[in-house]
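For reference, the structure discussed in these notes is given below.
The values are calculated or read from the model by the stated rules, or taken from the named source; none is laboratory data. The structure displayed is predicted, hence computed values, not measured ones. Here Cβ is always computed from backbone atoms with ideal geometry, including for glycine, and neighbour counts include all displayed protein chains.
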């Protein structure tokens, strides 16, 4: 299917909103690397560093403070973003629990207005294992709506209606998350794996998300059909939350 | 989004399975005309003529038999298909209630094997107002699965995994039907309107489905955004039931 | 809310489709007695006698045949219908499993055409404990659709769109059944209890469904509000599956 | 169906909670005019003026401030309310994003206590295109619950359990909104159209919502049946969120 | 089914989070008494006293203040907890509306860390009749997640993944609450009934929840099957929200 | 949680209903081997051999007939069952499409009556990729209901209410299948892997389902908590469709 997009002379952009500093790597690293390789300016917003809830290995080795954990996670995230070809912003809003003030929300609105992204990625709308994840998606969607309003900073170019995708959570079925979109990431897999390995404190997840990529690759092939010439080995799965507007159904 | 499709040297095809002889006009006439204009071979399968349940005006004027009503509906459907640029097959299985034998199912499997369509359209999976409609979709999906089996007529080219779309039912919300795909049909609207007017016995629906096309046009524009250069006046809405496999999320 | 109904000079009627011979008593006995007392002609169709699956006590006492059990259940059902003020028809299609041929379906269509009921009651659309119950509702809805078709027995008065209600299953939540309608049956409770007691073989259910009626009574009061002058002690709950057309929202 | 209502010697009232100043016109203008014509005191609460998110035309013509836009929207809303026969209160809480403090919530509780409405209308519980709309419904429901509490302003007459309806959102299916109630507004259509035309800045919506009224009219007729004497040309559709308590199922 | 649990030398514990001071009695009194009798330390957290919304009888008799109502409800709750064999903590956060600050959330996190409960009970995730109930469950789940985080009070023993159950709301189907777990409380019914009777101001609920226990008892028996030797007369129903990890499927 | 089961002096049994001859291996091989090792008599019913739809490799190598493919699949299934420690019955009903006559249904009822199983495993209730799978579960549930009926072969011991589980489909989220039960199969993994390798024609699935077992192992551990002493490496996931009756919530 070929979709209708606004015409634009700008460099195309994509926005990724990550609750914690590593989420964008496991869940959207392939999409980031792929679109970067296609010439997109990819921007990652990390709402927090995941310093309390997603840094278990650092805490277990002892001698840490919140600030030292945040610094370590920031370094890893910067390295991963560099490998994937993305820019990154840290909102540093705290985690477990993440709390997003209206001021932070408006900061995200301004990111939208600055980028005018062609697509937006964030977390699943539900996640019983992690209250920060659905909040990140909720804020991502609310900021998108405000960025579409003529009355917010009148005179600025307003946002159109870029598609919104929920990337894959850790336990998909518990989150009522179902993929309607498979993205072939075979050609950028090495870069995604490199970014994954930058997450030094979470080695157990390296293997988990490599298996996820292989499973999604098998499923993607099955959804094209065996007559396809193209080979897919690794894929990422997404749940698109917004309707498509298309010129063809094929 | 650009999707991955099997490479093919054949002329591309599309399959539309219609429970009654007029359904393909109201619900998918724009898609048929648009893809025909793009060079697709479009094939409509009418499972019945809608002779009992969707020919009220004919029955009310009196002097009809089942055979005369079927003949009248066949003529209208042929005329509409010609206007839209589609071929048509009549399975003549009866309506209210439609019943599909395994023999008829296998006939549909053979249509799949013959066409190897790039996409498939049929009714919503639920419709409390019409038991024939969901049955048509159920059969459409079951036949697609069998056409994918290596063990059915071994040696024949098997079917890949063409996307399946449910076209718009009369009362969408009662059918738990929600559109995730809008197709711009502005350029072929005249042809769809012509086909609609071929349905001489259902004038009240001409206006209803013209308004549907205008409403879907407004919604399609809203889902691209006001920055879009392209104008959309008329659209058709579809609920895609199968996942997409894509090379880009934009 | 006052609803819009077709004008009619006929005596008003209501149709109840019961999978087994006792279902109409536990689940809709209050509605039957209430509408009968309001002058409605109430018609119960029993698709089976419940001879295999809902006659445990008879089988356990021994010395029974299928025919003797059917005769016993018929007698109880006739007695209950008489107490409630309803007519009753037995389709005798067998149970566990119930199977409905197209011939039996058409017999039900003819009941619709004969009665032109103002409302229709049958089982919940899902029931993991009883496959006969959802089938009864499915047939009830399909027959209603066919009875609306001009091309079925042309010249006969066709059916309008009477509301369809699912009455209360044994374990409501397991059936995804949720009541949107509470019917006050306080004034006919004695008759319902009398009909319940006609079900000699199922005493354990007498108490169960008396408690159901009390619980639904409490809930009905809560949904009017404590300012209501009217007292409700016993109620039946229904899940209306069809939309209302009304002249007022109050 | 005739419903059970608390007896009352007061003039009957209805409450409409609108997130922005025009929502009540498009979505509930017919219900407001109809009940006003039936003698109800109809009260509209506008939580905001829609000054940022729903005043695009004003902002595009330039030279506006938030205050001038609010004043213009207030004037339009007052004119529309006058045409429909309703009173109106402006809470002026801001939009995009709307935020409702506990103080504003309690102000709405007091509106309930003052009016003791027979029914309540607000937005759909979900709307991915507009975060203010679901918030309005959420607040409407929470305030209703508090107004039912004996311990809030003890001694005041507490609220009963008036039915709550979600009026029609712009893209119904995307909001998981499904109508279970159709209200015939044919006789007050001229007034609704007049109120619609008072929304000078949103002409594109005049046509959209006129078509909505016509489509809902067709659907309403279909849900009564063709035997109905009554003609319905225009209707509004509602999703009732609360159960009915009734004296008849017909 | 036998489940896998962390090994522990501590006395086993269970946590119950109750929005108002009586909820734990009606909805989980049997589970509390049963586990207390099995040697568990049972801890009830009452987020509020239900002083505004669930103390109607006290307010109606007049001469009350918020403080006197709170004191009365506290006394009743203490008495009920004593009968059931539970400890109780009052967070006194107010009701109608309940509001939970991050400080209160963290107080609940510390309760988790202190108890390390083997299971957790709170309200249904939805309740259109009571906004405080779903908030209590939401807080219960968020606090559980934070208590699992290594970075919260590093060095403390973190929480594992105790199962979370939603106990039964007043109108189950309206809350989309469906029981997947029945607990036999026959042997502790006398204690539950005693605790119920400690709720002096809510006599109408004594009968209601006694009938609930009887209905759930009947259903529990039906889900074991009639070949069961064991007799169940009274039961409580729960909706487990978390997956089980088991060593056997029987 | 410890569940309540009927007391029995018989050897315990488990029933697995597999649409095609290999399904029981990929999806339930661990459960079969584990319960066999616990002393259960495990019975597999294969409704078909998967000769048309799940034997692609055999067909592609050429020179096959339906009978030769069925024989090959039978041999593999026998070998796998032997490795897992299960008995196996072949109903040979055909596949793509599978059709189950009432006679075959009754044959399955008799298997239930003969085994009186403690638990039952079959396919997911939905599967858009495979129409045979949901049919297998539907038949499994209907046969269970009939086996509970006193009036079917009166005098025989009737079935109680054994729990029913849906094992894992190929693409879980597309099937609306969500696991609520994880079974630790680490100790029998070698046997499951051995049975998997008996499926000579489907090597690509060996790797796929080994990764599934590893992913489910990780998830199972996460749902016990990191304080668990027990190590889980491989797991199977199940969706239990029936409620539990328990003596403890821990």
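Is it the case that residue B:72 is surrounded by 14 or more Cβ atoms within 10 Å (Cβ to Cβ), at pLDDT 95 or above, touching a strand residue (DSSP E or B) at 6+ places or on another chain (Cβ under 8 Å) and under 24 Å from residue B:32 (Cα atoms)?
no
Could you count how many residues in segment A:163-181 are more than 10 Å from chain B (Cβ to nearest Cβ), over 13 Å from the mean Cα position of the chain (by Cα) and closer than 29 Å to residue A:113 by Cβ?
Count: 1.
Residues are listed down the side, and each one gets a yes or a no for (1) within 19 Å of residue A:13 (Cα to Cα); (2) surrounded by 21 or more Cβ atoms within 10 Å (Cβ to Cβ):
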| site | (1), (2) |
| --- | --- |
| A:111 | yes, no |
| A:114 | yes, no |
| A:118 | yes, yes |
| A:122 | yes, yes |
| A:128 | no, no |
| A:131 | no, yes |
| A:136 | no, yes |
| A:140 | yes, yes |
| A:147 | yes, yes |
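Checking the conditions here, which among D:191, D:216 is modelled with pLDDT of 95 or more and within 20 Å of residue B:212 (Cα to Cα)?
On inspection, the qualifying residue turns out to be D:216.
Return yes or no: is residue E:211 under 21 Å from residue E:129 (Cα atoms) and modelled with pLDDT of 95 or more?
yes
Output the residues belonging to segment E:182-194 that are buried (at least 23 other Cβ atoms within 10 Å of the Cβ) and closer than 30 Å to residue F:239 by Cα.
E:182, E:183, E:184, E:185
Could you check residue B:124 against (1) out of contact with any strand residue (DSSP E or B) (no Cβ under 6 Å at 6 or more places or on another chain); (2) closer than 21 Å to residue B:238 by Cα and say which number it fails?
It is condition (1) that residue B:124 fails.
State all residues of segment D:92-105 that are in a helix (DSSP H, G or I) and in contact with a helix residue (DSSP H, G or I) (Cβ under 7 Å, 6 or more places away or on another chain); if no residue qualifies, say none. If you could, list the steps in order and put the result at the bottom.
Of all residues in segment D:92-105, those in a helix (DSSP H, G or I) come to D:102-105.
Result: D:105, single match.
Restricting attention to segment C:222-250, which residues are more than 8 Å from chain D (Cβ to nearest Cβ) and either within 30 Å of residue D:155 (Cβ to Cβ) or modelled with pLDDT under 95 (or both)?
Across segment C:222-250, the qualifying residues are C:231, C:233.
Of all residues in segment A:106-121, count the ones that are in contact with a helix residue (DSSP H, G or I) (Cβ under 6 Å, 6 or more places away or on another chain) and more than 14 Å from chain B (Cβ to nearest Cβ).
Adding up the residues that qualify gives 2.
Would you pick out the residues in segment D:139-162 that are more than 7 Å from every other protein chain (Cβ to nearest Cβ) and under 16 Å from the mean Cα position of the chain (by Cα)?
Answer for segment D:139-162, where residues must be more than 7 Å from every other protein chain (Cβ to nearest Cβ) and under 16 Å from the mean Cα position of the chain (by Cα): D:139, D:140, D:143, D:144, D:162.
State yes or no: is residue A:196 in contact with a helix residue (DSSP H, G or I) (Cβ under 8 Å, 6 or more places away or on another chain), within 14 Å of residue A:30 (Cβ to Cβ) and within 14 Å of chain B (Cβ to nearest Cβ)?
Considered against the rule, which asks whether it is in contact with a helix residue (DSSP H, G or I) (Cβ under 8 Å, 6 or more places away or on another chain), within 14 Å of residue A:30 (Cβ to Cβ) and within 14 Å of chain B (Cβ to nearest Cβ), residue A:196 comes out as no.
Only strands (runs of 3 or more DSSP E) wholly contained in segment E:108-210 count here; list those with 2 or more residues that are free of Cβ contacts under 8 Å to residues at least 60 places away in the same chain.
E:181-184
Go through F:80, F:86, F:36, F:56 for me and flag whichever is over 30 Å from residue B:105 (Cβ atoms) and out of contact with any strand residue (DSSP E or B) (no Cβ under 6 Å at 6 or more places or on another chain).
Answer to the check: F:80.
Suppose we filter A:23, A:95 for residues that are farther than 17 Å from residue E:152 by Cα and out of contact with any strand residue (DSSP E or B) (no Cβ under 7 Å at 6 or more places or on another chain); which single one remains? Don't jump to the end; show me each part of the working.
On the way: A:95 fails: farther than 17 Å from residue E:152 by Cα.
Being farther than 17 Å from residue E:152 by Cα and out of contact with any strand residue (DSSP E or B) (no Cβ under 7 Å at 6 or more places or on another chain) holds for just one of A:23, A:95, which is A:23.
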